[in-house]
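Notes for the one structure printed next.
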Amino acid sequence: FGEQLLSLEMVDETHAQMVAHYTNEVLSGKKVVGLYFSADWCGPCRQFTPDLVNFYNKMNSRRGKENQFEIVWVSRCRDVNSYGQYFTQMNWLALPPQEAMGQRGQMLSNKYKVKGIPSLVLLDEVGNVITLDGRNKIPADKAGIGFPWRNPVATLYITVVPKSLRLMIKTQIDGVKSQVLGVLKGAAGQKVTA
């Protein structure tokens, strides 16, 4: 997600300021990280955001699971002013506006196959995708009974395989995937970008 993420902190009753945090520190210990792609100009986003705020607060206040869920907003707003205004409606982290509205936001959007907004992608603690369809899961399960909506095989894998081993396996798979894509692109005569 980049080196830093932003949060919004109230200075007084009518003023807020953006505060930068190191990504690895603010996401440390989170069991689920949501990437929320949305924008101020999008009607469905403005409708869904308050529901997501309620859901986020509910999941982070469950006994024994406090603060294990974090959301990172990837803004699709058209300018920094709109970004600032819309961010005041959220109580989670965000990619800095230049990154979210630039190359990093587009790269994340492509990586997680975002076709439209609002979109909520849920990742586990090592960055594996839990679901690309969090946007539709929340209205169907407002109480969060099935949250984070992992499939049963993934739940077994997470229970049996320690986090350090899962991270090592993910790194190995990503490396092999990258090599295979390089070979395929080379064979097709395309320019290989790393």
Is it fair to say GLY127 is closer than 21 Å to PHE69 by Cα, of a type outside the set (A, V, I, L, M, F, W, C), out of contact with any Phe, Trp or Tyr (no Cβ under 9 Å at 6 or more places or on another chain) and touching a residue at least 40 places away in the same chain (Cβ under 8 Å)?
yes
Tell me whether segment 121-132 contains one or more residues that are touching a Leu at 6+ places or on another chain (Cβ under 7 Å), modelled with pLDDT under 95, in a helix (DSSP H, G or I) and crowded, with 20+ Cβ neighbours inside 10 Å.
no
Taking PHE55 as the residue in question, decide whether it is part of a helix (DSSP H, G or I), open to solvent by less than 20 Å² (accessible area, probe 1.4 Å) and more than 27 Å from GLN103 (Cα to Cα).
yes
Can you tell me which residue within segment 139-174, out of those that are basic (Lys, Arg) and part of a loop (DSSP other than H, G, I, E, B), is least open to solvent (accessible area, probe 1.4 Å)?
ARG150
Selection within segment 1-45 - assigned to a loop (DSSP other than H, G, I, E, B) and either aliphatic (A, V, I, L, M) or in contact with a Gly (Cβ under 6 Å, 6 or more places away or on another chain) (or both):
VAL11, LEU27, ALA39
Pick from GLY34, GLY29, GLY43: which is open to solvent by less than 20 Å² (accessible area, probe 1.4 Å) and under 24 Å from THR131 (Cα atoms)?
GLY34
Just one of (1) under 16 Å from LEU5 (Cβ atoms); (2) over 13 Å from the mean Cα position of the chain (by Cα); (3) open to solvent by less than 30 Å² (accessible area, probe 1.4 Å); (4) not acidic (Asp, Glu) trips up LEU93, so point out which.
(2)
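The values are calculated or read from the model by the stated rules, or taken from the named source; none is laboratory data. What you see is a predicted model, and the numbers here were worked out from it, not measured in a lab. All Cβ positions, glycine included, derive from the backbone under ideal geometry; neighbour counts span all protein chains shown. For accessibility, only protein heavy atoms count, side chains too; no ligands or nucleic acids. Shrake-Rupley method; radii C 1.70, N 1.55, O 1.52, S 1.80 Å.
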